[in-house]
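J.: Here it is, the structure, as structure tokens.
Here, each number is a calculation from the coordinates, and none is a lab measurement. Model, not experiment: these values are computed from the prediction. When we count neighbours, we look across all protein chains shown, and the Cβ atoms used for this are built from the backbone with ideal geometry, even at glycine.
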Amino acid sequence: MLDWVPDTSMFAFVGLGFAMLAVGVWDDFGDVSAKLRLALHFLIVAIGLWSVPRLPTFSIVGYSVDSSSIYLLWLILLVSWVWLINLYNFMDGIDGLAAVQALALFAGMALNFWYMGFNEWSWMCIFMLAAVLGFTILNWPPAKIFMGDGGSGFLGFLIGFLMLLSASQTNVSLWSWLILLTLFISDATVTLITRVATGQNPLQAHNLHAYQKLARRFGRHLPVTLLYGGVMMLVMLPASLIANAVPHSGPLVFFTTFSAVSLWMYSLGAGKKEVLGG
């Protein structure tokens, strides 16, 4: 990778990756306050944004918006990246789910990069897929090992870094990454909004995500992991390819899939407290 990725980005990728891993492991084995953990996430991500050679240019309804020249978009990218790190942590609550999302994401992006002619990036995604696959074998329901905050936080950071770095090095749509992440984004976002709207403490631990409710409904983890994985591969993967095959379609494809999945998550009761029958 040192031959085709800027040195500053590569060193930041390794150094900040270890920093994110350290914060997660500290949280797994220690007692880190939510505010301190969030502050460290913002610090690491801010340095990560600085290390990317060029921030992405978004295509929205045929217009190009260069985030490098609009300071407000820097803040949006910062908050979005931190949200990605934390939502990946939130969604690592049942056996195999976060691993299957990563497998679907890297497989889908390998195909997108290959389709657009960026074979180096395809190989990068295949290498990441192989690493996650080794973990998935032991994390498959019933799991023998677990990702923890160290693994989920690092993976969320890595995905965000690769999204922005690839956008600065290729013309593959950034929206294709987001489309492949739609289930995680929708579940975590609908759950958070519902909890805040109903007066719950957003920093307090809970088990009100849609995938957790489905796991209780099925009585085990495997059907939910397979369901999410199937939707990612059969629906989100083709949708991500459309974002690259049809110019300027990325925002429309993402917001269409995000809206549909968010309605599904809301119908499953994401974020709503469950009332036990008498």
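J.: Mark the label point 7 Å from the Cα of Lys272 along Cα→Cβ and return the residues of segment 193-226 whose backbone N is within less than 17 Å of it.
T.: 193-200, 207-218
J.: Considering the options Thr136, Asn207, Met236, tell which one lies farthest towards the positive end of the dipole of segment 7-267, charges being +1 on Lys and Arg and -1 on Asp and Glu at the Cβ, about the Cα centre.
T.: Asn207
J.: Let me ask something else. Report the FRET efficiency, 1/(1 + (r/R0)^6), for Leu227 and Ile76, where r is their Cβ-Cβ distance and R0 is 25 Å, rounded to 0.05.
T.: On the way: r = 31 Å, r/R0 = 1.25.
Result of the calculation: an efficiency of 0.20.
J.: Further question: Which helices, counted as full DSSP H runs in the chain, have an axial Cα extent of no less than 15 Å and a Kyte-Doolittle average of 0.0 or above?
T.: Values: long enough: 7-29 (33 Å, 1.15); 34-51 (26 Å, 1.48); 71-90 (29 Å, 1.69); 97-115 (27 Å, 1.48); 119-139 (29 Å, 1.23); 148-169 (31 Å, 1.08); 182-197 (22 Å, 1.24); 250-267 (26 Å, 1.12).
TM-like helix candidates: 7-29, 34-51, 71-90, 97-115, 119-139, 148-169, 182-197, 250-267.
J.: Still on this structure: Between Arg54 and Asp7, what length comes free when the chain is fully extended (0.36 nm per residue of separation minus the Cα-Cα distance, one decimal in nm)?
T.: 15.6 nm
J.: May I pose another question? Normalised by the number of residues in the chain, what is the relative contact order in percent for Cα pairs under 8 Å and 6+ residues apart?
T.: Numbers: 366 pairs, mean separation 66.6, N = 278.
For the chain, the relative contact order is 24 percent.
J.: Let me know the shape class of segment 210-278, please: from the alpha-carbon gyration tensor, a ≥ b ≥ c as square roots of the eigenvalues, rounded when a/c is under 1.5, otherwise prolate if a/b is greater than b/c, or oblate.
T.: oblate
J.: Starting from the Cα of Lys213, draw a straight line to each of the aspartates and glutamates and keep only those under 16 Å, dropping any in the same chain fewer than 8 residues away.
T.: Asp92, Asp95, Asp187, Glu274
J.: Which shape class applies to segment 7-267: rounded if a/c is under 1.5, otherwise prolate when a/b exceeds b/c and oblate if not, where a ≥ b ≥ c are the square roots of the Cα gyration tensor eigenvalues?
T.: rounded
J.: At 7 Å along Cα-to-Cβ for each site, give me the label-to-label distance between Trp26 and Trp264 in nm.
T.: About 3.8 nm separates the two model spin labels.
J.: Rounded, prolate or oblate for segment 156-240? Axes are the square roots of the Cα gyration tensor eigenvalues, ordered a ≥ b ≥ c, and the cut-off for rounded is a/c under 1.5.
T.: Oblate.
J.: Starting from the 7 Å offset along Cα-to-Cβ, what nm value, one decimal, do you get for the label separation of Arg217 and Lys144?
T.: 3.2 nm
J.: State, to one decimal in nm, how far the label point of Leu203 lies from the label point of Thr170, with both points 7 Å from Cα in the Cβ direction.
T.: For the pair Leu203/Thr170, the computed spacing is 3.9 nm.
J.: Can you give me the C-alpha center-to-center distance between segment 203-278 and segment 130-192, rounded to a whole angstrom?
T.: That distance is 14 Å.
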